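One structure is given here, and the rest of the page talks about it.
The values are calculated or read from the model by the stated rules, or taken from the named source; none is laboratory data. Since this is a predicted model, take the numbers as computed values, not measurements. With ideal geometry, Cβ positions are generated from the backbone for all residues, glycine too; neighbour counts draw on all protein chains shown.
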Amino acid sequence: MEQFFLKHRKMRHLIIAPLLIAAATWLTLIGVVSSECCNTKATLNYQITYYGCGAVGGRTGDAPGSCNITICANGEVMMGSHCGNGTCNAAGCKCAEGCLQGRWAKDFISKNNEYSIKVVDTIWHYYPK
Ligand SMILES: *[C@@H]1O[C@H](CO)[C@@H](O)[C@H](O)[C@H]1NC(C)=O
Ligand SMILES: *[C@@H]1O[C@H](CO)[C@@H](O)[C@H](O)[C@H]1NC(C)=O
């Protein structure tokens with residue numbers, strides 16, 4: 001009889017341990033996945049002297065002399081719908097090389113330093129459309 005209980009206690013561990021490991025893995029994955037989404041982008045409202053908005057990849061804004069460009073952290077125009085480095089899934093997550101890194105407007109200005117650019121406003125977007 002005693003042996004029967006011992007056997008069952010062992011079996012319970014054999015069943016519960018993998019479940020705990022699976023749950024921990026799942027929670028870890030959830031955290032990793034959400035932190036790997038690259039949906040933060042910024043629309044810069046800028047002014048450029050002597051050239052058109054398109055000279056640095058933007059387009060005409062709402063007011064005369066005002067331009068718009070939506071960039072990623074590396075200061076470059078956003079390609080597609082997210083700011084991932086490498087390919088991402090449809091939601092902009094799990095990007096091959098993580099998110100593009102950089103200093104946003106500072107990088108936009110320094111990458112285009114042959115132009116005279118004044119960033120008037122930065123509008124942040126945190127979610128996919
Ligand atoms: C310029 O960007 C602002 C902020 O995102 C937006 O409200 C506005 O519609 C944009 N204008 C044009 C012409 O794209
Ligand atoms: C993109 O990923 C590559 C490889 O990891 C890295 O060298 C590069 O700096 C990344 N680019 C940006 C803008 O984060």
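In segment 93-106, the count of residues that are modelled with pLDDT of 95 or more, more than 16 Å from ligand 1 (Cβ to nearest atom) and in a helix (DSSP H, G or I) is one or more. The condition of being without any contact (Cβ under 8 Å) to a residue 60 or more places away in the chain and in contact with a His (Cβ under 9 Å, 6 or more places away or on another chain) holds for only one of 72, 38, 67, that being 72.
Return yes or no: is residue 113 surrounded by 12 or more Cβ atoms within 10 Å (Cβ to Cβ), of a type outside the set (A, V, I, L, M, F, W, C) and either over 12 Å from the mean Cα position of the chain (by Cα) or over 25 Å from residue 48 (Cα atoms) (or both)?
Details: surrounded by 12 or more Cβ atoms within 10 Å (Cβ to Cβ): no; of a type outside the set (A, V, I, L, M, F, W, C): yes; either over 12 Å from the mean Cα position of the chain (by Cα) or over 25 Å from residue 48 (Cα atoms) (or both): yes.
No: the conditions fail for residue 113.
The listed residues are 35, 110, and the only one of them that is within 16 Å of ligand 2 (Cβ to nearest atom) and modelled with pLDDT of 90 or more turns out to be 110.
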